[in-house]
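S.K.: Take a look at this one; I'll ask things after.
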Amino acid sequence: MKKIVLFTLLILLAGCETAYYDAWEQVGVHKRDILVDRIEETQEAQEKTQEQFKDALEQYRAVVNFDGGDLEKRYNKLNAEYEDSDQAAKAISGHIDSVEDVAEDLFDEWEDELAQIQNRTLRDDSAKKLHDTRYKYQQMVKSMRKAEKSVHPVLTTLRDQVLYLKHNLNAQAISALKGELSTINSDVNTLILDMQKSIDEANLFINRIKN
C-alpha cells in the first residue's frame with residue numbers, strides 16, 4: 001500500500017500514538033500496513049537522495065572544470081545542491097525514525113497478543129514468526145542506518161568546499177576543490193551503493209511481511 005492519506009486531519013487531532021492507530025484501524029488499516037507504507041516512503045526518500053547526490057557531484061565537477069565566466073554563479077549552484085543534499089539527508093533520518101516507531105509498537109502488540117492464544121501449537125508458531133520477522137526487520141533497519149551514515153562524509157566534504165569557495169572565488173579555490181574530487185566521487189558512489197542495498201533489503205522485508 002502506497003502512502004496512507006485518509007483521515008489525516010482526524011489523526012493529527014487525535015494527539016497520541018494509541019489514538020493514531022485506533023483511528024486507522026477503524027478504516028481497516030493496521031500497524032503492519034502503516035509499517036509497510038513508511039518503509040516504502042523511506043525507499044522513495046532514498047531514491048531521491050541518490051539522484052540528489054548525483055546532481056551535487058555533477059555540479060561539483062562543473063566547478064572543478066570551470067574555465068572562465070561567472071564563478072560566483074557556479075558557487076551559487078553548488079551551494080544550492082549542497083543545501084538540497086542536506087535536506088535530503090535529514091528527510092531520510094526522519095523516515096527511518098518513523099519506521100522504527102511503528103515497528104516497535106507492532107512488535108509490542110504482537111508480543112502481548114501471544115499470551116491471548118490458548119492453543120499452544122498456534123502460539124508457538126506465531127512466536128516463531130514474530131522472532132523471524134523481528135530479525136529480518138533488524139537487518140533492514142541496520143542497512144537503512146548504514147546508508148544514512150554514508151551520507152555524512154559527502155555532506156562534510158561538500159560543506160567544506162562550498163564554504164571555502166565562498167571565501168575564495170578564485171583559481172586557488174578551484175584547485176583546492178579539484179584535489180577533493182576523487183574523494184567526493186568515491187564517497188558518492190559508496191552512498192549510492194549503500195542506498196541501493198538498503199532499498200533492496202527493504203523490498204525483501206516488505207515481501208516477507210505481506211506474505
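All of the numbers you see were taken from the coordinates with simple rules; none came from a lab. Keep in mind that what you see is a predicted model, and the values were worked out from it rather than measured. So basically every Cβ, Gly included, is an ideal-geometry build from the backbone, and we count neighbours across all protein chains shown.
S.K.: How far is it, in nm, from the label point at E100 to the one at Y164 when both lie 7 Å from their Cα along the line to the Cβ?
M.R.: Spacing of the two 7 Å Cα→Cβ label points: 3.3 nm.
S.K.: Working out 0.36 nm times the residue gap between N65 and E44, then minus their Cα-Cα distance, what length gain in nm do you get to one decimal?
M.R.: Residue separation times 0.36 nm, minus the Cα-Cα distance, leaves 4.4 nm.
S.K.: Determine ³J(HN,Hα), in whole Hz, for all residues of region 62-70 in sequence, where each value follows from phi through the Karplus function 6.51 cos²θ - 1.76 cosθ + 1.60 and θ = phi - 60°; x replaces Gly and Pro.
M.R.: Once θ is set to phi - 60°, the couplings for region 62-70 become 4, 5, 4, 8, 4, 10, x, x, 8 Hz.
S.K.: Tally Lys and Arg at +1 and Asp and Glu at -1 over the other residues with C-beta under 13 Å from the C-beta of A173: what net charge comes out?
M.R.: Taking every Cβ under 13 Å from that of A173, the sum is 0.
S.K.: Then there's this: Of the listed pairs K146/K210; K48/K136; K149/K197; K48/K149; K31/K149; K129/K210, which have alpha-carbon separations greater than 18 Å here?
M.R.: K146/K210; K48/K136; K31/K149
S.K.: Using the alpha-carbon atoms, what tilt in degrees (0 to 90, nearest 10) does helix 120-167 show relative to the longest principal axis of the chain?
M.R.: In the chain, helix 120-167 runs at an angle near 20 degrees to the longest axis.
S.K.: Output the relative contact order of the chain, whole-number percent, from Cα pairs under 8 angstrom with separation of 6+ residues.
M.R.: Relative contact order here is 28 percent.
S.K.: Please give me the summed charge of the neighbours of K31: other residues whose Cβ is under 9 Å from its Cβ, Lys and Arg +1, Asp and Glu -1.
M.R.: -3
S.K.: Here's something else I'd like to know. Could you tally the net charge around Q196, taking each other residue with its Cβ under 14 Å from the Cβ of Q196, Lys/Arg +1 and Asp/Glu -1?
M.R.: Counting the neighbours of Q196, the net charge comes to -3.
S.K.: Report, ordered by chain and residue number, the lysines lying within cross-link reach of K166, taken as a straight Cα distance under 19 Å and ignoring same-chain residues fewer than 8 apart.
M.R.: Correct list for K166: K73, K77, K178.
S.K.: Please grab the % of Cα pairs in the chain that end up more than 24 Å from each other.
M.R.: More than 24 Å apart: 54 percent of the Cα pairs in the chain.
S.K.: Quickly estimate the mean residue ellipticity at 222 nm for the chain, helices only: each DSSP H run with n ≥ 4 gives -39500 (n - 2.57), and the total goes over all residues, rounded to 500.
M.R.: The helix contribution divided over the chain gives -31000 deg cm²/dmol.
S.K.: I need the phi-derived Karplus couplings for region 195-210: 6.51 cos²θ - 1.76 cosθ + 1.60, θ = phi - 60°, integer Hz, Gly and Pro marked x.
M.R.: My calculation for region 195-210 gives 4, 5, 4, 5, 4, 5, 4, 5, 4, 4, 5, 4, 4, 5, 6, 7 Hz in order.
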